[in-house]
Amino acid sequence: MKVVKRDGHIVDYDRSKIIIAIQKANAEVEPAEKVSDEKIEEIVQGIEAKNKKRMLVEDIQDIIEQKLMDDKKFILAKTYIIYRYTRELVRKANTTDDSILSLIQNRNKDVMEENSNKNATVASTQRDLIAGEVSKDLTRRVLLPEKISKAHDEGILHFHDSDYFLQPIFNCCLINIGDMLDNGTVMNGKLIESPKSFQVACTVMTQIISSVASSQYGGQSVDVKHLGKYLRKSYNKYKKQIEAEFKDKLDADTIEKLVQERLQDELRSGVQTIQYQINTLMTTNGQSPFVTLFLNLEADDEYIEENAMIIMEILRQRLEGIKNEKGVYVTPAFPKLIYVLDEHNCLKGGKYDYITEMAIRCSAKRMYPDYISAKKMRENYEGNVFSCMGCRSFLSPWKDENGNYKWEGRFNQGVVSLNLPQIGIIAKGDEDKFWELMDERLELCYEALMCRHNALMGVTSDVSPIHWQYGAIARLGKGEKIDPLLVGGYSTISLGYIGLYEVTKLMTGVSHTDPKGLEFALKVMNRMRAACDKWKAETGISFALYGTPAESLCYRFARIDKERFGTIKDVTDKGYYTNSYHVDVREDIDAFSKFKFESQFQTISSGGSISYVEIPNMANNLEALAELVKFIYDNIQYAEFNTKSDYCHVCGYDGEIIINDDNEWECPQCHNKDHARMNVTRRTCGYLGENFWNVGKTKEIKARVLHL
């Protein structure tokens with residue numbers, strides 16, 4: 001028999017622990033109130049006679065109390081209850097000592113590797129991680145209802161970012177950068193007026209990004225279209241200066257050439273400022289700002305030509321890369337780039353196709369940008385095109401008092417994710433039981449999400465002036481509550497999900513790519529979407545269904561379920577669950593079919609979704625990439641490319657890494673062995689540290705990267 005502990009861990013049944021517990025209570029009472037050793041043995045045998053494969057520790061204790069009461073040992077039963085209560089108090093005591101000490105001593109691998117964008121050995125990062133451990137402990141013991149904590153521990157759901165739940169901060173946002181640049185802002189008590197040039201606008205923007213990142217725990221996105229007007233300001237400034245100096249000496253064409261040369265210099269410097277500032281700034285949570293740049297050319301934008309120049313320069317500099325400490329050009333983890341495909345740049349003879357060609361070259365070498373189809377997005381979001389937030393979650397449509405759609409200056413309150421495969425494991429093919437259990441767990445997710453919402457209610461603007469008072473989200477007064485921004489659909493709150501493939505396999509015996517499996521999978525997706533819509537109608541809070549891009553969670557859920565339910569073919573045997581609605585990596589499916597198939601789930605998962613395909617040797621497959629980009633525009637809203645790439649960050653070698661005679665990875669160019677980055681199939685994190693041998697004796701990157 002296995003015993004399920006309160007924290008969700010499963011241990012072997014140990015009868016001696018029951019005997020010791022009753023004996024300790026026995027020792028506290030008068031002789032007449034004691035039970036004999038034979039009676040204790042009888043109680044234990046009664047528990048064992050139930051012949052259950054698993055029992056909750058609470059159920060065992062309830063049986064003991066009932067047996068003592070039945071034997072009229074009321075004082076002993078009371079003493080045992082007090083003993084049980086005392087043990088509960090011990091369990092409720094602070095549990096962070098060892099985790100914090102092990103973190104400082106670089107022994108806490110789980111915490112150190114949970115976020116590969118953080119260097120956990122650096123003191124400033126450790127400070128944030130230590131605070132996170134305290135927050136997790138208080139969240140689990142005090143802040144969350146016990147059933148939510150228990151559900152998290154048992155892998156029923158995942159309460160994301162509990163290391164920040166103690167603080168009155170939220171997940172991710174779309175910065176209202178246009179308002180902040182045009183109308184000024186305040187940072188550290190200092191007024192920042194509207195910039196007069198492109199270079200200054202880029203500097204101010206990166207300072208805003210850094211300040212925002214320090215007061216939230218998720219990603220942020222910035223639409224670069226707001227920089228176009230400042231590039232024109234710089235153009236007008238140079239035009240005025242040069243005309244004043246050379247108007248009577250040079251013809252108009254020469255003057256224009258000089259203006260463009262100066263403008264190009266400022267353009268390069270401004271974009272370089274963005275890239276280097278973001279990659280060298282360190283926020284208060286110990287990492288570079290988690291920021292995405294949205295690259296969208298709007299046909300009716302009066303600054304479209306300036307924005308075309310800016311986007312082209314961003315892509316050019318990303319293609320070049322950024323130098324590491326060895327002076328080698330590498331791919332920076334941030335900013336992430338999202339490039340929008342529209343009629344004028346979808347490689348069908350449009351005016352701006354040349355920018356898309358640069359984007360494809362950049363994807364081939366640097367893995368970014370990701371791609372959004374304006375055509376498909378307009379179909380899904382009432383004719384609108386806008387960026388996802390830094391965490392890849394999308395907002396729901398919302399109109400202001402004038403009936404205008406608003407996207408920037410909005411945010412996500414937080415995420416709770418549902419473990420779909422575990423429902424299928426327990427249901428054992430019984431659909432009635434499956435839907436009943438799923439509805440129960442959806443309600444549990446709702447309660448957990450409301451914990452997130454309620455934790456933000458009553459918070460005042462003073463907790464983060466850059467967000468609430470100075471324009472990133474709003475311009476509230478000092479001491480004003482943020483409550484109106486939490487309801488009415490202004491902000492979202494997300495229900496994530498993991499393992500649609502696995503739950504379909506469990507319940508139908510086939511993948512969701514099979515027609516039979518697809519029918520079931522769509523029912524699951526629509527059930528979750530219906531729950532979100534129902535909650536929104538009942539509360540006025542914008543609940544959204546979100547295809548969680550949480551690679552580490554795919555491993556966590558699978559690990560918990562394997563420990564609890566054992567090895568299940570095509571489910572727990574892989575060591576991971578497939579992310580959201582994605583096709584399992586082992587299925588034989590071409591890139592075009594994968595995108596087309598997954599696009600039908602993106603329309604349901606409107607609170608966040610992304611699909612990807614892996615392409616070998618992307619640098620030598622530019623034509624294939626171009627065909628895929630064309631396909632994305634017509635068929636899927638949001639997609640990205642991945643590849644298998646060998647790379648040595650010591651010398652910059654970009655070819656095949658070898659295994660030497662000592663069975664070690666080695667760069668054939670510089671013979672580096674310790675820090676070669678090998679066969680990376682996912683570039684989610686941009687991790688550039690050491691690799692390690694996994695239990696299967698294959699080389700892996702430390703950051704638990706999916707499908708490696």
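Might you check whether a residue that is over 30 Å from residue 294 (Cα atoms), open to solvent by less than 40 Å² (accessible area, probe 1.4 Å), modelled with pLDDT of 60 or more and out of contact with any Leu (no Cβ under 6 Å at 6 or more places or on another chain) occurs anywhere in the stretch 155-169?
Yes, the stretch 155-169 has at least one match.
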*Any chance the stretch 528-535 includes a residue that's in a helix (DSSP H, G or I), surrounded by fewer than 15 Cβ atoms within 10 Å (Cβ to Cβ) and of a type outside the set (Gly, Ala, Ser)?*
yes
*Scan the stretch 2-50 residue by residue and report those that are assigned to a loop (DSSP other than H, G, I, E, B) and touching a helix residue (DSSP H, G or I) at 6+ places or on another chain (Cβ under 7 Å).*
5, 6, 7, 8, 28, 29, 34, 35
*For residue 476, all conditions in the list (1) open to solvent by 20 Å² or more (accessible area, probe 1.4 Å); (2) part of a helix (DSSP H, G or I); (3) of a type in the set (A, V, I, L, M) hold save one; what is the number of the exception?*
(2)
*asked:* Which pairs turn up if I take residues in the stretch 235-251 that are touching a residue at least 40 places away in the same chain (Cβ under 8 Å) and look for partners that are exposed (fewer than 15 other Cβ atoms within 10 Å of the Cβ) and of a type in the set (D, E, K, R) with beta carbon separation below 8 Å, at least 6 apart in sequence or on another chain?
replied: 237/196
_Residue in the stretch 447-465 that is modelled with the lowest pLDDT, counting only those that are open to solvent by less than 30 Å² (accessible area, probe 1.4 Å) and in contact with a helix residue (DSSP H, G or I) (Cβ under 7 Å, 6 or more places away or on another chain)_ = 451
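Taking residue 395, is it among the hydrophobic types (A, V, I, L, M, F, W, C), within 23 Å of residue 603 (Cα to Cα), modelled with pLDDT of 95 or more and assigned to a strand (DSSP E or B)?
Numbers: among the hydrophobic types (A, V, I, L, M, F, W, C): yes; within 23 Å of residue 603 (Cα to Cα): yes; modelled with pLDDT of 95 or more: yes; assigned to a strand (DSSP E or B): no.
Criteria not met by residue 395.
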*Report, ordered by the first and then the second residue, all pairs with beta carbons closer than 7 Å, sequence separation of six or more or different chains, a first member in the stretch 20-49 that is in contact (Cβ under 8 Å) with a residue 24 or more places away in the chain, and a second member that is among the aromatic types (Phe, Trp, Tyr).*
21/83; 22/80; 24/83; 25/80; 25/83
*In the stretch 314-339, residue nearest to residue 372 (Cα to Cα) [restricted to those that are under 24 Å from the mean Cα position of the chain (by Cα) and among the charged types (D, E, K, R)]*: 336
*asked:* Restricting to the stretch 541-575, count the residues that are modelled with pLDDT under 95, open to solvent by less than 40 Å² (accessible area, probe 1.4 Å) and more than 23 Å from residue 427 (Cβ to Cβ).
replied: 3
*Of the residues 611, 606, which single one is within 19 Å of the chain's Cα centre (by Cα), closer than 18 Å to residue 338 by Cα, at pLDDT 90 or above and open to solvent by 20 Å² or more (accessible area, probe 1.4 Å)?*
606
*Can you find even one residue in the stretch 14-27 that is under 21 Å from residue 86 (Cα atoms), among the charged types (D, E, K, R), more than 46 Å from the chain's Cα centre (by Cα) and at pLDDT 85 or above?*
yes
*Out of curiosity, is residue 84 modelled with pLDDT under 75, assigned to a helix (DSSP H, G or I) and closer than 17 Å to residue 23 by Cβ?*
yes
_What's the number of the only condition in (1) at positive phi; (2) at pLDDT 95 or above; (3) not aliphatic (A, V, I, L, M) that residue 432 fails to meet?_
(1)
_Yes/no for residue 155 being touching an Asp or Glu at 6+ places or on another chain (Cβ under 7 Å) and not basic (Lys, Arg)_ = yes
*Restricting attention to the stretch 576-595, which residues are in a loop (DSSP other than H, G, I, E, B) and open to solvent by 20 Å² or more (accessible area, probe 1.4 Å)?*
576, 585, 586, 587, 588, 589, 590
_Restricting to the stretch 172-183, and then to whatever is in contact with a helix residue (DSSP H, G or I) (Cβ under 9 Å, 6 or more places away or on another chain) and open to solvent by less than 10 Å² (accessible area, probe 1.4 Å), can you tell me which residue is farthest from residue 483 (Cα to Cα)?_
181
*All positions within the stretch 329-384 that are assigned to a strand (DSSP E or B) and acidic (Asp, Glu)*: 370
*Being within 28 Å of residue 195 (Cα to Cα) and open to solvent by 80 Å² or more (accessible area, probe 1.4 Å) is the filter here, so list the residues in the stretch 236-251 that pass it.*
236, 240, 241, 244, 245, 247
*asked:* Going by what's in this entry, would residue 307 be described as outside any loop (DSSP other than H, G, I, E, B) and open to solvent by 10 Å² or more (accessible area, probe 1.4 Å)?
replied: no
*Please verify whether the stretch 77-87 includes one or more residues that are open to solvent by less than 60 Å² (accessible area, probe 1.4 Å), on the phi < 0 side of the Ramachandran plot, of a type in the set (S, T, N, Q) and touching a residue at least 24 places away in the same chain (Cβ under 8 Å).*
yes
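Residues are listed down the side, and each one gets a yes or a no for (1) modelled with pLDDT of 95 or more; (2) touching a Pro at 6+ places or on another chain (Cβ under 6 Å); (3) within 30 Å of residue 509 (Cβ to Cβ); (4) open to solvent by 40 Å² or more (accessible area, probe 1.4 Å):
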residue: 329; (1), (2), (3), (4): no, no, no, yes
residue: 364; (1), (2), (3), (4): no, no, no, no
residue: 373; (1), (2), (3), (4): yes, no, no, no
residue: 385; (1), (2), (3), (4): yes, no, no, no
residue: 416; (1), (2), (3), (4): yes, no, yes, no
*Consider residue 296 carefully, then state whether it is under 26 Å from the mean Cα position of the chain (by Cα) and either crowded, with 22+ Cβ neighbours inside 10 Å or in contact (Cβ under 8 Å) with a residue 24 or more places away in the chain (or both).*
yes
*asked:* So, in the stretch 447-490, exactly how many residues are of a type in the set (Gly, Ala, Ser), in contact (Cβ under 8 Å) with a residue 60 or more places away in the chain and at negative phi?
replied: 5
*The listed residue being within 26 Å of residue 408 (Cβ to Cβ), open to solvent by less than 60 Å² (accessible area, probe 1.4 Å) and either more than 43 Å from the chain's Cα centre (by Cα) or in contact (Cβ under 8 Å) with a residue 24 or more places away in the chain (or both), out of 263, 281*: 281
*Candidates 444, 437, 485, filtered to the one that is open to solvent by 10 Å² or more (accessible area, probe 1.4 Å) and either within 30 Å of residue 207 (Cβ to Cβ) or basic (Lys, Arg) (or both)*: 485
_Given (1) among the polar types (S, T, N, Q); (2) within 21 Å of residue 626 (Cβ to Cβ); (3) open to solvent by 10 Å² or more (accessible area, probe 1.4 Å), index of the condition residue 345 fails_ = (3)
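The values are calculated or read from the model by the stated rules, or taken from the named source; none is laboratory data. Since the structure is predicted, the reported quantities are computational estimates derived from the model, not experimental observations. Glycine gets a Cβ as well: all are built from the backbone with ideal geometry, and neighbour counts include every protein chain shown. Ligands, DNA and RNA are stripped out before the accessible areas are found, and what is left, the full protein with its side chains, is counted by its heavy atoms. Shrake-Rupley method; radii C 1.70, N 1.55, O 1.52, S 1.80 Å.
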